[in-house]
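The values are calculated or read from the model by the stated rules, or taken from the named source; none is laboratory data. What you see is a predicted model, and the numbers here were worked out from it, not measured in a lab. Because the Cβ atoms are built from the backbone with ideal geometry, glycine has one as well, and the counts that use them run over all protein chains shown.
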Amino acid sequence: MQKIMIMDELGFVDFLSKNVLKAPGVITGIGDDCAQVRVGKEKFLLKSDLSIEGVHFRKKDMTFKAIGMRAVARVISDFAACGGTPKFIGISLGKSRDINTSALKDILSGINFCGRKYGFSLVGGDIARSQKLFLDVWGLGVARKFIARNTAKAGDAIFLTGPLGKRPFNKPFEPRLKEAKYLKSFKVNSMIDVSDGFIIDLYRILKMSKKGALLYEDYIPCTAGKSDFYRGEDYELIFTVDKKESRLDELKKKFYFVGEIKNKDFGYKMKAGFFLKRVKIRGYIHF
């Protein structure tokens, strides 16, 4: 009898990264916030993201304009997490029966608002009937310097761009493009946005970089308490900075220093007062 393997989201991403053919033009593929590809002499970033009714939002909690804005902002946040900027966006929309023309226009209004604010053009997509409203957003962008998840170094300082738990789930948010642009002049070795929770998203950097980490619990900025370590959709940036960065003090004044990257055999630990404890890997997992 064949054994059935059950994988969660993290396991399935690992499976895909090891079992999908990588063409010569792929520089960074499955497993990062964006893919980086080469076409001729040019490099581009690619990203897609789903926003599904009942999973990522509830219509009763948001305006249709906000639904459009938030769906696009999720993709823009991933561009920011790689040090990039969006240029072109496409959207495939699943239209449920209760979505009328006015609602569609409001969704488009939210998308266009983001386009004007963040400098991208909506270039196409698709629309079809669906049981629930969903938006599948894909984007193409560029980055002068691509910042990946798998290049953290032992000794790096770990930073967070803003406090956890501050952003409401049912409101549009501001992707950290300005912060990513500011960081381009520093020796940033790795970066990710906090979409599924601070603890699990930092773990993604550690796993791909084959590193450990020491966090300082008292340094991690929270709004509601320790539960903020694990809640998703903060969309702040976690980034690690080379220990030889001469302007490290400047970063400590502007952002939140929360820990250090260690060698892999150190593990993933947190210092709370005088105590050192293992970090439990928890956060939002889609399946």
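Of the candidates 123, 142, the single residue that is within 19 Å of residue 35 (Cα to Cα) and either surrounded by 18 or more Cβ atoms within 10 Å (Cβ to Cβ) or not acidic (Asp, Glu) (or both) is 142.
Would you check which residues across the stretch 187-199 are assigned to a loop (DSSP other than H, G, I, E, B) and more than 18 Å from residue 154 (Cβ to Cβ) and list them? Matches in the stretch 187-199: 194, 195, 196, 197. Taking strands (runs of 3 or more DSSP E) as the structural unit, those lying wholly within the stretch 244-287 and holding at least 2 residues that are modelled with pLDDT of 95 or more and surrounded by 14 or more Cβ atoms within 10 Å (Cβ to Cβ) correspond to 256-263, 268-272.
Would it be correct to say that residue 60 is at pLDDT below 95 and out of contact with any helix residue (DSSP H, G or I) (no Cβ under 8 Å at 6 or more places or on another chain)?
Answer is yes for this residue.
Kindly indicate the residue of the stretch 126-174 that is modelled with pLDDT of 95 or more and among the charged types (D, E, K, R) and also nearest to residue 232 (Cα to Cα) among those meeting that condition. Here the answer is 174. Of all residues in the stretch 105-128, those that are free of Cβ contacts under 8 Å to residues at least 24 places away in the same chain have Cβ atoms under 9 Å from Cβ atoms of residues that are not small (Gly, Ala, Ser), 6 or more apart or on another chain, in 105/64; 112/122.
Of all the residues in the stretch 190-230, those that are surrounded by fewer than 21 Cβ atoms within 10 Å (Cβ to Cβ) and charged (D, E, K, R) number 6.
The number of residues in the stretch 158-172 being buried (at least 19 other Cβ atoms within 10 Å of the Cβ) and either outside any loop (DSSP other than H, G, I, E, B) or aromatic (Phe, Trp, Tyr) (or both) comes to 4.
So for the stretch 202-219 (the condition being part of a helix (DSSP H, G or I), out of contact with any strand residue (DSSP E or B) (no Cβ under 9 Å at 6 or more places or on another chain), among the acidic types (Asp, Glu) and farther than 30 Å from residue 67 by Cα), does at least one residue qualify? Among the residues of the stretch 202-219, not one is part of a helix (DSSP H, G or I), out of contact with any strand residue (DSSP E or B) (no Cβ under 9 Å at 6 or more places or on another chain), among the acidic types (Asp, Glu) and farther than 30 Å from residue 67 by Cα, which makes the answer no. When the stretch 234-278 is filtered for residues that are small (Gly, Ala, Ser) and over 20 Å from residue 163 (Cβ atoms), the ones remaining, listed by number, are 246, 267, 273. Sort out which residues of the stretch 52-70 are assigned to a loop (DSSP other than H, G, I, E, B) and within 9 Å of residue 172 (Cβ to Cβ), and write them in order of number. If the condition is that a residue be assigned to a loop (DSSP other than H, G, I, E, B) and within 9 Å of residue 172 (Cβ to Cβ), then 62 is the only one that fits.
Tell me, which residue of the stretch 1-34 that is under 18 Å from residue 200 (Cβ atoms) and outside any helix (DSSP H, G or I) is modelled with the lowest pLDDT? My answer is 7.
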